[in-house]
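Undergrad: If you scroll down you'll find the structure; I have some questions about it.
The values are calculated or read from the model by the stated rules, or taken from the named source; none is laboratory data. Remember, it's a predicted structure, so these values are computed and weren't measured experimentally. Glycine also receives a Cβ, built like all others from the backbone with ideal geometry; neighbour counts cover every protein chain displayed. These accessible areas exclude ligands, DNA and RNA; they are computed on the full protein's heavy atoms, side chains included. Shrake-Rupley method; radii C 1.70, N 1.55, O 1.52, S 1.80 Å.
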Amino acid sequence: MREHDLSLQAYAKVNLGLDVVRRLDNGYHEVKMIMQTVDIADTLYFKKIMSGIQVTVEGEFIKDGIVPADENNLIYKAAKQMFETYQIKGGVAIHLVKRIPVAAGMAGGSTDAAATYRGLNQLFEVGASVDELEKLAVKVGADVPYCISGGTALSEGIGEILTTLPDAPQCVLLVAKPDISVSTKYVYENLNLPSIKSHPDIDGMVQAIKAKDADGVWMRMANVLETVTVKAYPIIEKIKSEMMSDGAIKSLMSGSGPTVFGVYHTEAQAREALGAIVEKGLAKQVYVTKFVNPAEE
Ligand code: ATP
């Protein structure tokens, strides 16, 4: 959208650690996750209009209809909530340029929703605090409150209890999304918590991040949801192994998957792994990237 009043970047995340503590009576899960923003982003263009909420979508990897351009888009849900909560006059057209892999475990929809809260807050001079926006955001999705500020954070409860951490150690990151879509709902419904003997050491990872102990962070990278998604989709294990044999310090599935990321010392190693993954047909959506903290951009 060339003509716009405001544009914002909406960054993706990976989970350096993801644990599920317990299943709550309401069907939600209590989680304990280390969230990290990565330098892959959608762009949202905002334009004030007379009335209503319009959402349009474009993107290279979007298959027909996979990202809804109607009231099912999380952008629409967040915008509607902002208009109602703050009784905003007028309307907005929001154009989304999608680059973050969809249904991938990278909070693509959540970060778009988070950018919508920030964007409308700014555009219509609402004056809501980050705290207020985070409280609204949890109603749209568990990862949305985190996505409002991003960076490195501990996320607890159902995602609404956030503790900002110092930036995680820097590394070269390889992100690979195989050509399958995974439903977050399916993964949580099939998680057999009582059978899981060893849980990710999230507290240890928090300490390692605070101590700037890079090896301490990498050695604790773990995701309890791999027990479900890797079993259902063996390609994830193949990508993880390929990354390790191409020099990764560690490789892990992000969120409920199927995206896999590998942590490398050098860009040359990450690029070599990227080549191997594409050549073997394991994934087409592959990126060499890095951690970012949007507050410092
Ligand atoms: P999370 O890591 O938060 O679970 P995800 O990466 O697994 O997110 P999304 O990319 O958010 O998943 O997409 C999940 C589904 O949500 C999509 O299949 C799509 O139908 C719907 N959706 C709604 N709004 C959006 C949006 N703005 N971007 C992408 N998907 C959206």
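Undergrad: Since GLU125 meets every condition but one in (1) within 16 Å of the ligand (Cβ to nearest atom); (2) surrounded by fewer than 24 Cβ atoms within 10 Å (Cβ to Cβ), which condition does it not meet?
TA: (1)
Undergrad: Filter segment 255-288 for residues that are in a strand (DSSP E or B) and open to solvent by less than 10 Å² (accessible area, probe 1.4 Å); which is farthest from ILE236 (Cα to Cα)?
TA: TYR264
Undergrad: Considering every residue within segment 202-213, establish whether at least one is within 15 Å of the ligand (Cβ to nearest atom), hydrophobic (A, V, I, L, M, F, W, C) and not assigned by TED's automatic domain parsing to the domain that holds ALA104.
TA: No: segment 202-213 contains no residue that is within 15 Å of the ligand (Cβ to nearest atom), hydrophobic (A, V, I, L, M, F, W, C) and not assigned by TED's automatic domain parsing to the domain that holds ALA104.
Yes/no matrix, rows are residues, columns are (1) more than 30 Å from GLY216 (Cβ to Cβ); (2) under 18 Å from the mean Cα position of the chain (by Cα); (3) open to solvent by 50 Å² or more (accessible area, probe 1.4 Å):
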position	(1), (2), (3)
ASN15	no, yes, no
GLY27	yes, no, no
THR43	yes, yes, no
LYS48	yes, no, yes
TYR86	yes, no, yes
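Undergrad: Please work out if ALA41 is in a strand (DSSP E or B), under 25 Å from GLU132 (Cβ atoms) and among the aliphatic types (A, V, I, L, M).
TA: The answer is yes for ALA41.
Undergrad: If I filter segment 154-204 down to residues being open to solvent by 30 Å² or more (accessible area, probe 1.4 Å) and in contact with a Pro (Cβ under 7 Å, 6 or more places away or on another chain), which single residue comes out as modelled with the highest pLDDT?
TA: The selected residue is LEU162.
Undergrad: If you don't mind, another one. Just for helices (runs of 4 or more DSSP H) wholly inside segment 73-191: which have at least 2 residues that are under 16 Å from LEU8 (Cβ atoms) and not assigned by TED's automatic domain parsing to the domain that holds THR227?
TA: Where helices (runs of 4 or more DSSP H) fall fully within segment 73-191 and carry at least 2 residues being under 16 Å from LEU8 (Cβ atoms) and not assigned by TED's automatic domain parsing to the domain that holds THR227, they are 74-85, 108-123, 130-137, 144-149.
Undergrad: Let me ask something additional. Run down ILE66, ILE53, ILE75 and say which single residue is near the ligand (Cβ under 10 Å from one of its atoms), of a type in the set (A, V, I, L, M) and open to solvent by less than 50 Å² (accessible area, probe 1.4 Å).
TA: The conditions single out ILE75.
Undergrad: Exactly one condition in (1) in contact with a Ser or Thr (Cβ under 6 Å, 6 or more places away or on another chain); (2) among the hydroxyl-bearing types (Ser, Thr, Tyr); (3) open to solvent by 60 Å² or more (accessible area, probe 1.4 Å) is not met by SER245; state its number.
TA: (1)
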